[in-house]
Amino acid sequence: MNRDRIYLDYNASALPRPAARAAMMAWLDCPGNASSVHAEGRVARKKTEAARDALAAVLDCPPQAVTFVSGATEANNTVLQPHWKVNEEDVVFERLFVSAVEHPSVLSGGRFPADRVEILPVDGDGLVDPVLLDARLGETGGPALVSVMTANNETGTVQPIAALADVVHRHGGRLHTDAVQALGRMPVALETLGADAVTVSAHKVGGIQGAGAIATASGVAIPALMRGGGQEAFRRAGTEAVGAIAAFGAVLETSDTFAEEAARIRRLRDWLETELTHIPTQSTVFGQKANRLGNTSCFALPGVRAETAMIAFDLNGIAVSSGSACSSGKVAASHVLKAMGVDDALAAGAIRVSLGWATTQDELVEFLRVLQTVCKNSCPQGQNEAA
Ligand code: PMP
């Protein structure tokens, strides 16, 4: 890792933690297929099951409820199928409801035909209203699958998942939550969330790219998307990515430190946002009034275009994102900010700073220094002088 650079893009991919690196190196020294019966295979199986135990402990569910997949995109696509089994009975979902601020892997609707997918609007803070969901479900004949993310990747806004789950269950439906950004940053116990399915990704919590997981509530069985071998108890065919899974497990085994770490990071983020108010132009922090993850700050400064700012940051050794980095690096208007009713000109300047386990205050000081320069060169004169 090139530590001369300042990495402030943990929501795109967190820097791998030392525990993940050590586990990956150990696996490279003794690789094997978790389905093989020889010693190498047995070691791979042991590492996979240890990781399953560690994730189950964090999600507070039995290890058998966890299925490893390649990442959250696959996990979300697997969950969003119109047929599930619940308590051995076939359930056919009439409709799929997804919030307007979901990751593209959910917004695309998975295996549901497009005419059976409905988008749930959000308010100015990016939140889904349980009352509105109640009304929409009331108009739907038959059970619905509802997918609302635990926390947003662009703004960090945390949804009222437990309240939404109550509404969904009252209408005989099922709730999925994409907890990719929440894992490690807030509690994500399945039962507390009230979700029937939760999806997560290793590389957002300081693991290594290539592993993710689905956890299901008691009685819920989701059909395999990948068919072939009998891996993952026939729930996901294909050789498990044991190195990435072991690294994920090693990270999750340190979960007793997550709350303290999240509090430290929140203090840094709050300090950063206070410093933003000292920049001589009016900044807007998106979702600031809502319950938000403590590591994320998505903001805009009038006159500053995100692409210009990102190039300047990159040249100065700092990695940040504009809005979402999930669409092949292209700088397009953020569908999240659009759904929140943010005006296009302001949204075009959205810069997302996301902090993580290795972030220091000195790094944020340097970020602010470069931001001041960018602002001096781009902000409207009058506003620059106004402070
Ligand atoms: N959901 C959310 C909220 C995300 O932020 C991401 C990654 N940007 C994904 C899903 C997709 O995860 P993966 O990269 O593991 O496919």
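No value in this document is a laboratory result; all are computed from the given coordinates. All figures in this text were calculated on a predicted structure; none of them were measured in a lab. All Cβ positions, glycine included, derive from the backbone under ideal geometry; neighbour counts span all protein chains shown.
What's the extension gain from Thr373 to Val92 if we count 0.36 nm per residue and subtract their Cα-Cα distance? Please report the intermediate quantities before stating the final value.
Values: separation 281, 0.36 × 281 = 101.16 nm, distance 5.60 nm.
Here the answer is 95.6 nm.
Kindly write out, for the stretch 243-259 in residue order, the coupling ³J(HN,Hα) from the Karplus curve 6.51 cos²θ - 1.76 cosθ + 1.60 (θ = phi - 60°), rounded to whole Hz, with x marking Gly and Pro.
x, 5, 5, 5, 5, 4, x, 4, 5, 5, 5, 9, 5, 5, 9, 5, 5
Specify the residue with the greatest mean-square fluctuation among Val198, Val148, Val370, computed from a Gaussian network of the chain linking alpha-carbon atoms under 10 Å apart.
In this elastic network of the chain, the residue with the biggest mean-square fluctuation among Val198, Val148, Val370 is Val370.
Let me check I have the definition right: for the stretch 162-316, take the eigenvalues of the Cα gyration tensor, multiply each by 5, take square roots. What are those semi-axes in whole Å, largest first?
On the way: eigenvalues 248, 90, 52 Å².
Over the Cα atoms of the stretch 162-316, the ellipsoid semi-axes are 35, 21, 16 Å.
If you average the alpha carbon positions of the stretch 241-309 and of the stretch 167-202, how far apart do those two centres end up, in angstrom?
21
What share of the DSSP beta bridges in the stretch 18-253 is antiparallel, in percent to the nearest 5? Provide the component values of the computation, followed by the final result.
Details: 16 of 31 bridges.
In the stretch 18-253, DSSP labels about 50 percent of beta bridges as antiparallel.
Between Ala221 and His278, what length in nm is gained on full extension when 0.36 nm per residue of separation is reduced by their alpha carbon distance? Present the calculation step by step, with values, prior to reporting the outcome.
Numbers: separation 57, 0.36 × 57 = 20.52 nm, distance 5.23 nm.
Difference between extended and current length: 15.3 nm.
For Ser35 and Val365 in one chain, what is 0.36 nm times their gap in residues minus the Cα-Cα distance, to one decimal in nm?
On the way: separation 330, 0.36 × 330 = 118.80 nm, distance 4.93 nm.
Contour length minus Cα-Cα distance gives 113.9 nm.
Please check: in the Gaussian network model of the chain (C-alpha springs, under 10 Å), which one of Glu49, Glu240, Glu260 has the largest mean-square fluctuation.
Most flexible of the set in this elastic network: Glu260.
How would Ser378, Ser322, Ser36 line up from fewest to most surrounding beta-carbon atoms within 10 angstrom?
Working: Ser378 18, Ser322 25, Ser36 14.
Fewest to most other Cβ atoms nearby, the residues stand as Ser36, Ser378, Ser322.
Around Asn153, under 10 Å between beta carbons, what's the net of Lys plus Arg minus Asp minus Glu among the other residues? Walk me through the numbers before you get to the answer.
Values: positive: Lys204, Arg352; negative: Glu102, Glu154, Asp178.
Residues close to Asn153 contribute a combined charge of -1.
Beyond 26 Å, what share of the Cα-Cα pairs of the chain remains, rounded to the nearest whole percent?
On the way: 39282 of 74691 pairs.
For the chain, the share of Cα pairs beyond 26 Å comes to 53 percent.
Taking only Cα atoms and a 10 Å spring cutoff, compute GNM fluctuations for the chain and point out the largest among Val205, Val365, Val336.
The residue that fluctuates most here is Val365.
If you take the alpha carbon radius of gyration of the stretch 100-162 and divide it by 2.2 N^0.38 Å, what ratio comes out, to two decimals?
On the way: Rg = 11.9 Å, N = 63, 2.2 N^0.38 = 10.6 Å.
So the stretch 100-162 has a normalised radius of gyration of 1.13.
Using the eigenvalues of the Cα gyration tensor, what equivalent ellipsoid semi-axes result for the stretch 1-154 when each is taken as the square root of five times the eigenvalue, whole Å, largest first?
Working: eigenvalues 257, 110, 32 Å².
Each semi-axis is the square root of five times an eigenvalue, giving 36, 23, 13 Å.
Take Leu55, Leu28 and order them by how many other Cβ atoms sit within 10 Å, fewest up front. Kindly include the intermediate steps, with their values, before the conclusion.
Numbers: Leu55 27, Leu28 9.
Sorted ascending by nearby Cβ count, the order is Leu28, Leu55.
Can you put Thr140, Thr150 in order, fewest other beta carbons within 10 Å first?
Details: Thr140 16, Thr150 24.
So the ranking, lowest neighbour count to highest, is Thr140, Thr150.
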